[in-house]
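The values are calculated or read from the model by the stated rules, or taken from the named source; none is laboratory data. Because the structure is a prediction, the values reported are computed rather than measured. Cβ placement follows ideal geometry from the backbone for every residue including glycine, while neighbour counts extend to all protein chains displayed.
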Amino acid sequence: MSPDSMSWSGSWQMWALLSAVFAALTAIFAKVGVEDINPDLATFIRTVIVLASFAIILFATGQFSAPGPISAKTWIFLVLSGLATGASWLCYFRALKLGPATLVAPIDKLSVVLVALFAFVFLGERPSASGWLGIALIATGAVLLAVKK
């Protein structure tokens, strides 16, 4: 393996791109999967599959072990993150049940804009001017895709 391919495979950019690909597939698979089922039940089934998949990955890689002490702050924020994920999935599946994936997904991707705003307010992250322009373009694009004329 060349150093370039190793750095790419260990880069956050590669993982972020793969996340986007799998998120896109999630929308398509979920839209078909939720057609004839209650969206909340569909979300539950999806959650069980995700849980089982991660258990298998952790066992297969030998990472399913006691993590050592975990701080209260870590527990609180992981619980909050899990609750937010569950709420997001419930809303997403309900939206897919009611609307077309080509309109639901762009609105869902407004999360990119919200992450930037929340990171600015709560984490003190400061995007560059070109970063803010990109965030504004994402917001504009999502709105243009989702608004019916």
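A few remarks follow.
- Those residues of region 109-148 which are closer than 30 Å to L41 by Cα and either exposed (fewer than 11 other Cβ atoms within 10 Å of the Cβ) or more than 14 Å from the chain's Cα centre (by Cα) (or both), in sequence order: A142, V143, L145, A146, V147, K148
- For region 77-114, a tally of residues being within 21 Å of I28 (Cβ to Cβ), without any contact (Cβ under 8 Å) to a residue 24 or more places away in the chain and among the small types (G, A, S) returns 4.
- Test: I107 is of a type in the set (A, V, I, L, M) and modelled with pLDDT under 95: yes
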